[in-house]
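**Student:** Can you keep this structure in mind? I'll have questions shortly.
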Amino acid sequence: MACTLIDEGCLLATVPNSFKIALLASAVMFSSFGFADDVLKEGITPATDTSQVPASAKLRTDTVIAGISEPQGIFNPYFFVNGWDENVTNVIFARLVDWDSQGKLVPGLAESWTVSPDGKTYTIKLRPNLKFSDGSPLTAEDVAFTLTVLYDPKYDGDTDITLAHIAGGDDYKQGKADSVSGLKVVDPLTLQVTTTQPGATTLQKIGGPVLSKAYYGKGYQRGNLDYLRTLHGKPLGNGPYVYDKYIPGQEIRFHANANYYRGVPPTPRFIYRVTNPSTNFQLFQTGDTDYDAFTSRPDDIEQLKLLGFANINLYGSSDYSKIEFNLKRPALQDAKVRQALIYGLDRQKLIDVVYQGYGTVAIEPISPISWAYNTDGVNPYKFDPAQAKKLLDEAGWKVGGDGIRVKDGKRLELTLLVSKKVLNDALIPIAKEDYQKIGVLLKPQVVDFNALMSQRKAGNYDLASFSTSTLNDPHDGVWDFYSTEAAVQGYHNAEVDKLINEGNATLDIEKRKPIYHELYKVLANDPPVILLGNRKILSASSARVTGFKPDIYNGLTGSLPDVKIVK
Amino acid sequence: MRNFILRRLLQTIPMLFLASLIIFMLFAKTPGDFIDGNITLTAQRAAELKALYGLDQPLISRYLHWLGNLLQGDLGFSLQYQIPVSQLLNQYIWNSFLLATIAMVLYWGIALAVGIVSAMKPYSLFDHVVSVVIFAAMSFPTFFLCLLLIKWFAVDLHWLPVGGMTNIGSDATGWAWVMQVAAHLVLPVIALVMLQAGSLTRYFRASMLDVVRMDFIRTARAKGLRERTVIFKHALRNALLPIITLLGFELPGLFSGALITEKVFNWPGAGHIHIDSLAARDYPVLMGFTLFLAVLTILGNLIADVLYAWADPRIRVRS
């Protein structure tokens, strides 16, 4: 449900269908030739003519304005429901542990951390003299309080802290203990977190934003979080900027945090302005915004280049799109049929049509920008209808009278659940045609996203197409192939389970790399999904400001402490 | 007349109950709920959250719970905004109301004027020109028209803002605030008027022409009354009768927002929260807002009936 800043489904949600179809039609016509030569390089393409900066933007001497799509007003990092609010809380709240541009964990509020040799106990050292924006001190007590709230039985936010397996967390949740025994405040600057099992994603789960105990914990009792809701609109954090005001549907205002631990940000005021994909370009063009995200289409890029004053930033996303198999369906239990369905789909054509040079065919359930990406020896499943036919023949599906394959009197007919999305608009015709050629009848059903997820949960599908959310760790890209999580889809592979466990239980990145490499090979041979694509994200900032260097792990907020207005 | 209004008011009570039941069942039976759409949750966490939100309860108890709260004036609590539904609606519907009201006054005014003039001089040059202009305006796709207006007036000419309701970061109050809002209103209002005036003008014109051809008008003219008196005193009042019904239906539209127009112009109105809530299956908001619109629809009908009765004594006598 959450739209992240870069979710294409969200970006285009407001564009009427006829318009999208027109876009798509032109994309189909002009695709697969021509664009390879002038594709924009990843990274920052600087502005060519800074004198073109709109006059109205130059008048703002102390304020930077960035576009945001649909904030909902829940400005608490553990309670927001959609990714847009996360973009807001990232401005107000700093994390204990941050990510670098490759997705590796680096110190944030925490100066350092050590993990015991068994991988279960974390000792986190805070930087000295940390303060919340109201000047009150930030100590290990606040971190312990934050993690305790996440274990509250009434906690209904998106963070699933149970995956960090902190000792005593479940007892606290069930009312068997009055505190979480695994959280130990050694001294104001040191917190020791004991877990019951090692986990590669544990540190990012416990290393999130910190809530002030004095502010958010006043009157806290287990099982009573209702009072917290009244504070969602009055956040107190410790990030680069301090929240001032929210005008619903219009803007959110901030001013620089004098107590920010990395020093006061150079720009005194920051504003998120609500924009939408239909007019965000015009707002950028007229100087109403200094920064916004755009769709990475050649047309958009060309327009941005023509402005002259745009620093254009292109970077890889960390999600991937896929078509999931329902292995409860007899036909799909056979790995050969699943492999045939991957060979038989021209994914390169699909990605070219949809992303026009700004996306790649996904080979692994992880993005190419991740440290875990390694395609050596992983079957890339290049489009090969002959191979697909061969595999289907081997699986016993013989071509029937009308060209559709038959086995034991059953025709090879597959339903495909899709939601309304640009990727799927192209997927349906391409997949239908490609599968027709190998003797598979595809029946697409277009439903909205929640309905899709609900039908998927009920097992009412053969194939379902959707994308993952933004993935920070390779474990996030594979956890739902684990047999207990994939119970509804019926995917079960002992080798995969073992490797997922191993990958998550190993903390050293160098040791994790070969595990994931092996896992991706196993997944390719016994595929739970058809991997579709990885895409690129496009954003632009006005040449009147410097310092924006967004990447998928940090978004634009990671740059905020350095954003300066050029005098 | 008082009895008539009272009786009609009493009739609305069962209608409201029925509306609430239909609304609830419709949304509750739509596949997917608030939790389903979140793909990052493990199965266990999803089940926990469903229990917390009461989504695991049987439909009938969920309905009764909602109805019980409703009768106490409580519209419920938005799942995705985490504030009371009434507060959420309050944040947005007045903006929609403002935009829609101004647009409506304008396009009703235009339609009325054009309808009258066309009826006075049907098939004249003016009538033909108006017809062409109306069809041209109507045939623009909303989305395209809005973008075109932005391109001309905001981007190329710099006369008007691209979107929003006030200048970003502005703390203007009083008169300065009014001027800002007015400037931001111009383009969305033009778009709405262009899109809406057409059909209404056609309707008015047809209604006036029908009346003008009637015998009593011919009689009035034959009596030697001035054309002005014939049109305004005799024809207009009768031509307005069917249009009063139409006016009643406009009431919910004033609050529900012109979705595409508001969206393109970043107008902070209510239309988009309705769509977002449907996408997120935020039942309390969906039900609260739809029920609000149902009440307005019923109310609009009631007002139309009363006005009709006031304008046409025959109805009063019969009832």
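The values are calculated or read from the model by the stated rules, or taken from the named source; none is laboratory data. Please read these numbers as outputs of a predicted model, since none were measured by experiment. Cβ coordinates were reconstructed from backbone atoms using ideal geometry, including for glycine residues, and neighbour counts include every protein chain displayed. Ligands, DNA and RNA are stripped out before the accessible areas are found, and what is left, the full protein with its side chains, is counted by its heavy atoms. Shrake-Rupley method; radii C 1.70, N 1.55, O 1.52, S 1.80 Å.
**Student:** Collect the residues in segment A:151-176 that are open to solvent by less than 30 Å² (accessible area, probe 1.4 Å) and either touching a Pro at 6+ places or on another chain (Cβ under 7 Å) or over 15 Å from A:G199 (Cβ atoms) (or both), keeping them in residue-number order.
**Tutor:** If the condition is that a residue be open to solvent by less than 30 Å² (accessible area, probe 1.4 Å) and either touching a Pro at 6+ places or on another chain (Cβ under 7 Å) or over 15 Å from A:G199 (Cβ atoms) (or both), then A:Y151, A:D152, A:Y155, A:D156, A:G157, A:G168, A:Y172 are the ones that fit.
**Student:** I'm checking my understanding of the structure. Among residues of segment B:237-285 that are away from chain A (no Cβ under 11 Å) and touching an Asp or Glu at 6+ places or on another chain (Cβ under 8 Å), which one is nearest to B:T201 (Cα to Cα)?
**Tutor:** B:A239
**Student:** If only one of A:L211, A:L191, A:L225 is touching a residue at least 60 places away in the same chain (Cβ under 8 Å), among the aliphatic types (A, V, I, L, M), in contact with a Lys or Arg (Cβ under 6 Å, 6 or more places away or on another chain) and open to solvent by less than 20 Å² (accessible area, probe 1.4 Å), which one is it?
**Tutor:** That would be A:L225, the only listed residue that is touching a residue at least 60 places away in the same chain (Cβ under 8 Å), among the aliphatic types (A, V, I, L, M), in contact with a Lys or Arg (Cβ under 6 Å, 6 or more places away or on another chain) and open to solvent by less than 20 Å² (accessible area, probe 1.4 Å).
**Student:** Right, something else. Looking at segment A:469-479, which of its residues are at the interface with chain B (Cβ under 10 Å from one of its Cβ atoms) and either open to solvent by 40 Å² or more (accessible area, probe 1.4 Å) or modelled with pLDDT under 90 (or both)?
**Tutor:** Listed by number, the residues that qualify are A:S469, A:T470, A:L471, A:W479.
**Student:** For A:Y272, indicate whether it is within 14 Å of chain B (Cβ to nearest Cβ), touching an Asp or Glu at 6+ places or on another chain (Cβ under 7 Å), of a type outside the set (S, T, N, Q) and under 15 Å from A:N90 (Cβ atoms).
**Tutor:** So A:Y272 fits the description; yes.
**Student:** Follow-up question, since we're still on this one. Checking B:G115 against (1) touching a Ser or Thr at 6+ places or on another chain (Cβ under 9 Å); (2) within 14 Å of chain A (Cβ to nearest Cβ), which test does it fail?
**Tutor:** It is condition (2) that B:G115 fails.
**Student:** Let me ask something else. Residues B:T30, B:T40: which one is within 9 Å of chain A (Cβ to nearest Cβ) and more than 31 Å from the chain's Cα centre (by Cα)?
**Tutor:** B:T40
**Student:** Need a quick list: helices (runs of 4 or more DSSP H) entirely within segment B:1-116 having at least 3 residues that are open to solvent by less than 30 Å² (accessible area, probe 1.4 Å) and closer than 30 Å to A:D480 by Cβ.
**Tutor:** Filter on segment B:1-116 gives B:43-53.
**Student:** Does A:R253 meet the test of being under 21 Å from A:I565 (Cα atoms), more than 24 Å from the chain's Cα centre (by Cα), of a type in the set (K, R) and not in a loop (DSSP other than H, G, I, E, B)?
**Tutor:** In short, yes.
Conditions tested, residue by residue: (1) within 14 Å of chain B (Cβ to nearest Cβ); (2) open to solvent by 50 Å² or more (accessible area, probe 1.4 Å); (3) polar (S, T, N, Q).
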| position | (1), (2), (3) |
| --- | --- |
| A:F383 | no, yes, no |
| A:L417 | yes, no, no |
| A:D425 | no, no, no |
| A:I438 | no, no, no |
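**Student:** Taking the criterion of being open to solvent by less than 20 Å² (accessible area, probe 1.4 Å), among the hydrophobic types (A, V, I, L, M, F, W, C) and part of a helix (DSSP H, G or I), would at least one residue in segment A:353-367 satisfy it?
**Tutor:** Checked against the condition, which is being open to solvent by less than 20 Å² (accessible area, probe 1.4 Å), among the hydrophobic types (A, V, I, L, M, F, W, C) and part of a helix (DSSP H, G or I), segment A:353-367 yields at least one hit.
**Student:** Turning to a different aspect of this structure: Among A:K184, A:K205, which is closer than 17 Å to A:F93 by Cβ, without any contact (Cβ under 8 Å) to a residue 60 or more places away in the chain and not in a loop (DSSP other than H, G, I, E, B)?
**Tutor:** It is A:K205.
**Student:** Here are some conditions: (1) touching a residue at least 12 places away in the same chain (Cβ under 8 Å); (2) touching a Gly at 6+ places or on another chain (Cβ under 8 Å). B:I273 meets all but one. Which one does it not meet?
**Tutor:** So the condition that B:I273 fails would be (2).
**Student:** Name the pairs: first residue in segment A:352-364 and in contact (Cβ under 8 Å) with a residue 60 or more places away in the chain and under 14 Å from A:Y320 (Cα atoms), second residue assigned to a helix (DSSP H, G or I) and open to solvent by 20 Å² or more (accessible area, probe 1.4 Å), Cβ to Cβ under 6 Å, at least 6 apart or on different chains?
**Tutor:** A:V361/A:Q348
**Student:** Could I ask something else about it? With the requirement that a residue be farther than 17 Å from A:H255 by Cβ, within 12 Å of chain B (Cβ to nearest Cβ) and not in a loop (DSSP other than H, G, I, E, B), what does segment A:225-245 give you?
**Tutor:** Within segment A:225-245, A:D226, A:L228, A:R229 qualify.
**Student:** Just to confirm my filter: which helices (runs of 4 or more DSSP H) fall fully inside segment B:123-236 and include at least 3 residues that are buried (at least 19 other Cβ atoms within 10 Å of the Cβ) and touching a residue at least 40 places away in the same chain (Cβ under 8 Å)?
**Tutor:** Fully inside segment B:123-236 and qualifying: B:142-149, B:174-212.
**Student:** Further, regarding this structure: Confirm whether A:D62 is farther than 26 Å from A:S367 by Cα, within 11 Å of chain B (Cβ to nearest Cβ) and either open to solvent by 30 Å² or more (accessible area, probe 1.4 Å) or modelled with pLDDT of 90 or more (or both).
**Tutor:** Taking the combined requirement at face value, the residue satisfies it.
So that you can scan it fast, the table gives a plain yes or no per residue for (1) farther than 29 Å from A:S483 by Cβ; (2) open to solvent by 30 Å² or more (accessible area, probe 1.4 Å); (3) in contact with a Ser or Thr (Cβ under 9 Å, 6 or more places away or on another chain):
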| residue | (1), (2), (3) |
| --- | --- |
| A:Q339 | no, yes, no |
| A:I351 | yes, no, yes |
| A:K390 | yes, yes, no |
| A:E394 | no, yes, no |
| A:V399 | yes, yes, no |
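**Student:** Counting only residues that are open to solvent by less than 10 Å² (accessible area, probe 1.4 Å) and part of a loop (DSSP other than H, G, I, E, B), which one in segment A:480-506 is nearest to the other protein chains (Cβ to nearest Cβ)?
**Tutor:** A:A486
**Student:** Give me the pairs: first residue in segment A:135-164 and at the interface with chain B (Cβ under 10 Å from one of its Cβ atoms), second residue of a type in the set (A, V, I, L, M, F, W, C), beta-carbon distance under 6 Å, and six or more apart or on different chains, which are they?
**Tutor:** A:K154/A:L225; A:D156/B:L49; A:D156/B:L52; A:G157/A:F79; A:T159/A:L150; A:I161/A:L150
**Student:** Could you check segment A:85-129 for strands (runs of 3 or more DSSP E) lying wholly inside it with 3 or more residues that are open to solvent by 40 Å² or more (accessible area, probe 1.4 Å) and free of Cβ contacts under 8 Å to residues at least 40 places away in the same chain?
**Tutor:** By residue number, A:110-115.
**Student:** Of everything in segment A:256-301, what is aromatic (F, W, Y) and in a loop (DSSP other than H, G, I, E, B)? Give them in sequence order.
**Tutor:** A:Y260, A:Y261
**Student:** Which one of the conditions (1) under 26 Å from the mean Cα position of the chain (by Cα); (2) more than 14 Å from chain B (Cβ to nearest Cβ) does A:G217 fail to meet, given that it meets all the rest?
**Tutor:** (1)
**Student:** Further, regarding this structure: From A:A94, A:A110, A:A57, which residue is aliphatic (A, V, I, L, M) and under 23 Å from the mean Cα position of the chain (by Cα)?
**Tutor:** Exactly one residue qualifies, and that residue is A:A94.
**Student:** Condition first: buried (at least 24 other Cβ atoms within 10 Å of the Cβ) and not charged (D, E, K, R). Now tell me which residues in segment B:269-282 satisfy that.
**Tutor:** Result: B:G269, B:A270, B:I273, B:S277, B:A280.
**Student:** State whether one or more residues within segment A:275-296 are at the interface with chain B (Cβ under 10 Å from one of its Cβ atoms), open to solvent by less than 10 Å² (accessible area, probe 1.4 Å), under 23 Å from the mean Cα position of the chain (by Cα) and of a type outside the set (D, E).
**Tutor:** Yes, there is a match, as at least one residue in segment A:275-296 is at the interface with chain B (Cβ under 10 Å from one of its Cβ atoms), open to solvent by less than 10 Å² (accessible area, probe 1.4 Å), under 23 Å from the mean Cα position of the chain (by Cα) and of a type outside the set (D, E).
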